[in-house]
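One structure is given here, and the rest of the page talks about it.
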Amino acid sequence: MLLASIERRLQHKFDLKQAVNHKWNSVNIALFLVALIILGSSSFIITSYVFSSVSSIISSSDANPTSIPWIENKFDCQSSSRTWRDNKCWDYEHNPMF
């Protein structure tokens, strides 16, 4: 009789241990789903922000004229399809992404 009660207590402890150590209970599933929703939405927001920033930089067609310091004479400047003005070679198609 004593052996049967000890066995029952051990079985009860084993059942409790398995219930506590079970990884996929309802609380863990809910936390996992919340984490997936937060991760997914933040990834979408960050990705859309990066793409909109990059596309606005690429689509900006503003020419930023700049002088080319290594071209020092009119002939070299005009042969490279640039403009010679004020003793400097100017590039009117300079891209700020350069």
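Quick look at the numbers
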quantity: For peptides 23-32, 66-75, sequence by mean Cβ density within 10 Å, most packed first; calculated: 66-75, 23-32
quantity: Estimated inter-spin distance, Asn28 and Ile45, nm [label 7 Å along Cα→Cβ]; calculated: 2.9
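Values quoted throughout were computed directly from the atomic coordinates according to the rules given, and no laboratory measurement underlies them. Quick caveat, the model's predicted, so the values are computed rather than measured. Counting neighbours? That spans all protein chains shown, and the Cβs are built from the backbone with ideal geometry, glycine included.
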